[in-house]
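A.B. asks: The structure's right below; bear with me while I get my questions together.
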Amino acid sequence: MCPNMPRDLTDLLYPRSVAVVGASATPGKIGHALFSNVAGFTGPVYAVNPSHKQILGRPCVPTVADLPADVDLAIIAVPPADALRALDACGRKGIRNAVVITAGFKERRGEGIERERELVRIASAHRMNVLGPNSFGLISPRARLNATFAPRGAFAGTIAFISQSGALGSAVLNWAWQREVGFSFFVSLGNKAVLAENDLLAALARDPETRVIAAYLEGVEDGPEFVRLASEVTRDKPVLVLKAGTTEVGARAAASHTGALAGSDRAYDAAFRRGGVLRVRTVEELLEGAVALSQQPLPRGRRVGIVSNAGGPAILAADAAADEGLELPPLSPGTVASLVERFPAANIANPVDILADASADQFQDAVEWVLADPKVDMGLVLTAPHPVLTFAELARILAAAHRRHAKPVVASFLAGEIGDEAEKILSAAGVSAYFEPARAVRALATLARYREVQDRPPPDRSTVDADRAQARELLGSRGPRLGVESLDLLTAYGIPVARGGVARGPDEAEALAQDLGEEVVLKVVSAEVVHKSDAGGVRIGVPGSGVRDVYREMVRAVPAATGVYVQELLPPGEEVIVGIVRDPTFGPLVMFGLGGVLVEVLEDVAFALAPLSRGEVEELVRSIRGFPLLEGARGRPSVHLPALVEVVERISHLAADFPQIQELDVNPLLCYPDRVVAVDFRATLG
């Protein structure tokens, strides 16, 4: 199959007939629980078990070979060795889709790895779509298929849920059942031996019943393809991902600042941003965000209007809004005038606190006026229990307001339970209610984030002019570690560098210094010394008369030195770092941050996938905490931002053009009001 040709998963997701290999008539066994669920399928269902003629009223055949010829999907739940034979038999029978529930493959290591290789070989030989092994199963509610061993299935809905964890998937099904949240599909990926997240992403993008895609992932198999697919899918459908494994497992011997600061989680952050994926940090945020996106309209912006009859919760909501980057704008004069007249004793600001004794009619007026305000993009209504207003009354008010205004509306009912009547009213209206105000705010923030994903312009993928032939020659003739003596690699990409050259002896050093000014900088040349400053390998402000002596001192201090780089002494400027590190999943990452010797201490850095467009570079540069220093904070001159952006863009293309560059640092890149200049450099080649 062509790598970029999407698999046809129609018969996997919407099968017309299903067989369960390993179906059991014995309660308490996985094969029985699984077949009990599958037996509810409305189409033909067959059991495969040599000990029975019939199970749960459905026909049972002894082997896969005895199945009818028109089976679309096989569910395999037999021991590992038998599972491989069954899968091969399915392929020979012409069954092109299978879900392998069986565990005991690569997750068990040892011989399990070889078993999984054999499974992949069988699937490839028969051109099969295989979910698993070690999968919890598949649910297709509109096809009335529950091919899992979960005690409950799923309601039909518009959220597609993909999980790399069967246990988490089971918990999500239970959560959704209790809240009557429906799914278009529930898919447990298992070990992802054949079908992985990209296959499902492509299929779900084409599915008209799926409005939102939510996923729990522990890793991505093909990073560049994931980013490409996500970039296309998220323009029409939101994709939320809870990525597990956010910390680095084991230390990494990095040869650069960028390598030390980068980690797989930073790469996932950068990849998700590039693809428009909404990253969440908890299961709760994943599910509640998916529900909000499936029910609510998208806001025009980040402005929230809050109405509350309880001051404390309103303050908590305001704090949460600030944490999420949402705005609480002052209301329009007309809105304020109406509220003041109706609530003369209330706090008429935003949040609007209409006080604890507010009646249903008063709540209705306040909610209506705030939502109608042109300065408000989204509404949040909070209430605490009291005898004047029932939750059902407020639910009807919110449902009506949600119908009248094309704006998102969420609620926070600060009570252990709000009653069946209120829950039914809110559910029918598509208004989500939460106990904790911060959760309600987070749902609004998710809606705003996706609106911004949809509104972003397509990135400009233009190339930069560079002498790539010279760069290729330089990289081929040096390595595996490059230092300041290889600044000419940057010159080949049109990046300004400080003047200088390599001296192999004191006489050469003195001669070079004469052309570079009264004072110069000396930097030891050594492939074995990573941090030259720490090893005494950098001397700044050396007068021309002292160059010979300092050269000898530095070479003696660093036995591995092969020479000294003599460089012009530049005036102080703002120091930034631009780096490259190659992530094994997603490829080259560009790092930008405040530079100098303390970069790893401050860690004020940001990452993005290479290559970068001009707009993406501007976003990257502005994302660090120290950006005000570059703009000219506290009377400092502003740096030449267009020149800085161009240099970062060019370095990003250098990373994309030459995969052999594993790590690279330009640190510092000196920034001035009229120019930027690269002063130091190091790189590691693969």
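Every number in this text was worked out from the coordinates using simple rules, so none of it is lab data. This one's a predicted model, so the numbers in the text were calculated from it and none came from an experiment. Neighbour counts run over all protein chains shown; Cβ positions are idealised from the backbone, glycine included.
A.B. asks: May I ask what percent, to the nearest 5, of DSSP beta bridges between residues of the chain are antiparallel? The partial results should precede the final answer.
C.D. replies: Values: 54 of 106 bridges.
The antiparallel proportion sits near 50 percent.
A.B. asks: Could you pull out which residues in the stretch 31-73 have an amide N less than 11 Å from a spot 7 Å beyond the Cα of ARG92, following the Cα-Cβ vector?
C.D. replies: 64-66
A.B. asks: How much length, in nm to one decimal, is gained on full extension between ASP420 and PHE435, taken as 0.36 nm per residue of separation minus their Cα-Cα distance?
C.D. replies: 3.9 nm
A.B. asks: A follow-up question, please. Which value in Å is the Kirkwood Rh of the stretch 508-582 over different Cα pairs? Walk me through the numbers on the way to the answer.
C.D. replies: Numbers: mean 1/r = 0.0763 Å⁻¹.
By the Kirkwood definition, the hydrodynamic radius is 13.1 Å.
A.B. asks: Okay, moving on. For the stretch 499-569, what does the relative contact order come out to in percent, with C-alpha contacts under 8 Å and a separation of six or more? Spell out each step's value before the answer.
C.D. replies: Working: 148 pairs, mean separation 35.4, N = 71.
Value for the stretch 499-569: 50 percent.
A.B. asks: In nm, to one decimal, how far is the ALA527 label point from the SER545 one, both placed 7 Å along Cα→Cβ?
C.D. replies: Spacing of the two 7 Å Cα→Cβ label points: 3.9 nm.
A.B. asks: Determine the gain in length on full extension of the stretch LEU56-VAL388; use 0.36 nm per residue of separation and subtract their C-alpha separation, reporting nm with one decimal.
C.D. replies: Taking LEU56 through VAL388 to full extension adds about 114.0 nm, to one decimal.
A.B. asks: Please report the relative contact order for the stretch 296-455, taking Cα pairs under 8 Å with a sequence separation of at least 6, and give it as a percent rounded to a whole number.
C.D. replies: Value for the stretch 296-455: 31 percent.
A.B. asks: Choose one of ASN191, GLY541, SER24: the residue whose Cα lies farthest towards the positive end of the charge dipole of the chain (beta-carbon charges +1 Lys, Arg; -1 Asp, Glu; about the Cα centre).
C.D. replies: The residue sitting most towards the positive pole is SER24.
A.B. asks: May I pose another question? As an exercise, take the mean of 1/r over every pair of distinct alpha carbons in the stretch 546-635, invert it, and state the Kirkwood radius in angstroms.
C.D. replies: On the way: mean 1/r = 0.0620 Å⁻¹.
After inverting the pairwise mean of 1/r, the radius is 16.1 Å.
A.B. asks: Given the pairs LYS29/LYS93; LYS93/LYS192; LYS29/LYS53; LYS106/LYS192, which span a C-alpha to C-alpha distance of over 21 angstrom in this model?
C.D. replies: LYS29/LYS93; LYS93/LYS192
A.B. asks: Next up: Two decimals is fine: what's Rg over Rh for the stretch 427-500, C-alpha atoms, Kirkwood radius as Rh?
C.D. replies: 1.43
A.B. asks: Would you work out which of LEU217, LEU512, LEU685 lies farthest towards the positive end of the dipole of the chain? Charges go on Cβ: Lys and Arg +1, Asp and Glu -1.
C.D. replies: LEU217
A.B. asks: Rg to Rh ratio, the stretch 574-685, alpha-carbon atoms and Kirkwood radius?
C.D. replies: On the way: Rg = 13.2 Å, Rh = 13.9 Å.
A ratio of 0.95.
A.B. asks: Another question about this same structure. Compute the long axis of helix 80-93 from its Cα atoms, compare it with the longest principal axis of the Cα atoms of the chain, and write down the angle in degrees, 0 to 90, nearest 10.
C.D. replies: Taking Cα atoms only, the helix is inclined about 80 degrees.
A.B. asks: Still on this structure: Going by alpha carbons, how many degrees (0 to 90, nearest 10) lie between the helix axis of 264-275 and the longest principal axis of the chain?
C.D. replies: The two axes meet at around 70 degrees.
A.B. asks: In addition: What per residue convex hull volume, in Å³, comes out for the stretch 102-141 when only alpha-carbon positions are used?
C.D. replies: Numbers: hull volume 2.3 nm³, N = 40.
Hull volume normalised by residue count: 57 Å³.
A.B. asks: When only alpha-carbon atoms count, how far does the stretch 13-164 stretch along each of its three principal axes, as whole angstroms with the largest first?
C.D. replies: For the stretch 13-164, the Cα extents along the three principal axes come out at 37, 37, 30 Å.
A.B. asks: For the chain, what's the relative contact order in percent, using C-alpha pairs closer than 8 Å and at least 6 residues apart?
C.D. replies: Averaging sequence separation for qualifying contacts and normalising by length gives 9 percent for the chain.
A.B. asks: Using alpha carbons only, how many angstrom separate the centre of the stretch 322-376 from the centre of the stretch 436-487?
C.D. replies: Rounded to whole Å, the Cα centres lie 42 Å apart.
A.B. asks: Where does each of ASP269, ASP66, ASP460 land when they are ranked from fewest to most other beta-carbon atoms within 10 angstrom?
C.D. replies: Ordered by Cβ neighbours within 10 Å, fewest first: ASP460, ASP66, ASP269.
A.B. asks: When the helices in the chain are scored as -39500 (n - 2.57) per DSSP H run of 4 or longer and the sum is shared across all residues, what 222 nm value do you end up with, to the nearest 500 deg cm²/dmol?
C.D. replies: -11000 deg cm²/dmol
A.B. asks: A further question follows. So, with +1 on the Cβ of K and R and -1 on the Cβ of D and E, and no other charges, what is the size of the charge dipole of the stretch 296-455 about its Cα centre, to the nearest 20 debye?
C.D. replies: Dipole of the stretch 296-455, to the nearest 20 debye: 520 debye.
A.B. asks: 7 Å from Cα along Cα→Cβ at both ARG121 and ILE315: what's the point-to-point distance in nm?
C.D. replies: Modelled inter-label distance: 6.9 nm.
A.B. asks: For ILE495, ILE540, what ranking results if the residue with the fewest other Cβ atoms within 10 Å of its Cβ goes first?
C.D. replies: ILE540, ILE495
A.B. asks: Among SER486, LEU447, VAL524, whose Cα lies farthest out toward the positive end of the dipole of the stretch 431-529, if unit charges sit on the beta carbon of Lys, Arg (+1) and Asp, Glu (-1)?
C.D. replies: Ranked along the dipole, the leading option is LEU447.
A.B. asks: Could I ask something else about it? Taking every DSSP beta bridge with both residues inside the stretch 10-244, roughly what % is antiparallel (nearest 5)? Provide the component values of the computation, followed by the final result.
C.D. replies: On the way: 8 of 41 bridges.
Percent antiparallel among DSSP bridges in the stretch 10-244 is about 20.
A.B. asks: Above 17 Å lies some portion of the pair distances; for the stretch 1-63, what is it as a whole percent of all C-alpha pairs?
C.D. replies: Values: 873 of 1953 pairs.
Distances greater than 17 Å cover 45 percent of the Cα pairs.
A.B. asks: Order these by the 10 Å Cβ neighbour count, fewest first: HIS402, HIS640, HIS653.
C.D. replies: Listed from fewest to most nearby Cβ atoms, that is HIS640, HIS653, HIS402.
A.B. asks: Computed FRET efficiency, Cβ-Cβ of ASP488 and ASP674, R0 41 Å: what is it to the nearest 0.05?
C.D. replies: The pair ASP488/ASP674 has a calculated efficiency of 0.95.
A.B. asks: Would you compute, for the Cα atoms of the chain, the largest minus smallest coordinate along each principal axis and list the three values in descending order, in whole Å?
C.D. replies: So the three principal-axis extents are 97, 79, 37 Å.
A.B. asks: Now for a separate question. Cα to Cα, under 30 Å, and not fewer than 8 places away if on the same chain: which lysines meet these conditions relative to LYS523?
C.D. replies: Reachable lysines: LYS532.
A.B. asks: Something else about it: Given C-alpha coordinates of the stretch 318-455, what is the ratio Rg to Rh with the Kirkwood estimate of Rh? Before the final figure, lay out each step's value.
C.D. replies: Details: Rg = 14.4 Å, Rh = 15.4 Å.
That ratio equals 0.94.
A.B. asks: Counting other Cβ atoms within 10 Å, keep those with at most 13, restrict to DSSP loop, and tell me which trypsin sites (Lys or Arg not before Pro) in the stretch 372-476 are left.
C.D. replies: In loop regions of the stretch 372-476 (DSSP not H, G, I, E or B), the sparsely surrounded trypsin sites (Lys or Arg not before Pro) are ARG461.
A.B. asks: Another question about this same structure. Size of the dipole of the stretch 467-590 about the Cα centre, Lys and Arg at +1 and Asp and Glu at -1 on the beta carbon, nothing else charged, in debye to 20?
C.D. replies: Here the size comes out at about 440 debye.
A.B. asks: Right, next: Note down the magnitude of the dipole of the chain about its Cα centre, charges +1 on Lys and Arg C-beta and -1 on Asp and Glu C-beta and zero elsewhere, to the nearest 20 debye. Display every interim value, and only then the final one.
C.D. replies: Working: 70 positive and 83 negative charges, 455 e Å.
With only Lys, Arg, Asp and Glu charged at Cβ, the dipole is about 2180 debye.
A.B. asks: Taking the Cα-to-Cβ direction at ALA69 and at ASP361 and moving 7 Å from each Cα, how far apart do the two end points lie in nm?
C.D. replies: If labels sit at ALA69 and ASP361, their model points lie 7.6 nm apart.
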